[in-house]
Amino acid sequence: MNAGGILADVLLGVGVALELLACLGVLAMGTDHARLHYLSPAALGSVPIAAAIWIDSGPSTIALQATLLAAFLLLVSPALTHATARGLRIASRDDWRAAPAERRGSGR
């Protein structure tokens with residue numbers, strides 16, 4: 001096995017480990033709001049996985065697709081987390097805006 005293959009295996013292992021840690025974090029947290037903290041880091045695992053594909057297969061269609069997927073996940077993950085948090089707030093309070101008592105405490 002050459003150095004490129006070893007590096008690809010290491011990157012793939014790092015990417016899979018990041019995904020597994022994010023999944024374990026979601027399972028370990030008790031509340032829905034605490035679980036949200038592990039949604040965004042889950043997208044970070046796609047970067048070393050895409051890099052491992054680039055190293056293993058070189059410039060190819062699959063490597064380009066992996067890169068585009070990783071970029072998409074990195075761009076969409078914060079918006080998805082925000083939309084999920086807003087949905088949780090609407091489900092628990094019937095409105096996403098702050099209650100009048102919360103607005104008074106913010107210094108506005």
Quiz prompt | Cα-based helix-to-principal-axis angle, 46-57 vs the chain, degrees rounded to 10 | solution = 10
Quiz prompt | Separation between Cα centres of the range 13-41 and the range 47-89, rounded to whole Å | solution = 16
Quiz item: Carbon and sulfur: what percent of the chain's accessible surface (1.4 Å probe)?
Solution: 70
Quiz item: To the nearest 500 deg cm²/dmol, what mean residue ellipticity at 222 nm is calculated for the chain from DSSP H runs of n ≥ 4 alone, each contributing -39,500 (n - 2.57), summed and divided by the residues?
Solution: -25000 deg cm²/dmol
Quiz prompt | the chain - accessible surface per residue (Å², probe 1.4 Å) | solution = 69
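The values are calculated or read from the model by the stated rules, or taken from the named source; none is laboratory data. This structure is a prediction, so every number in the text was calculated from the model and none was measured. Note: areas computed on protein heavy atoms with side chains; ligands, DNA, RNA excluded. Shrake-Rupley method; radii C 1.70, N 1.55, O 1.52, S 1.80 Å.
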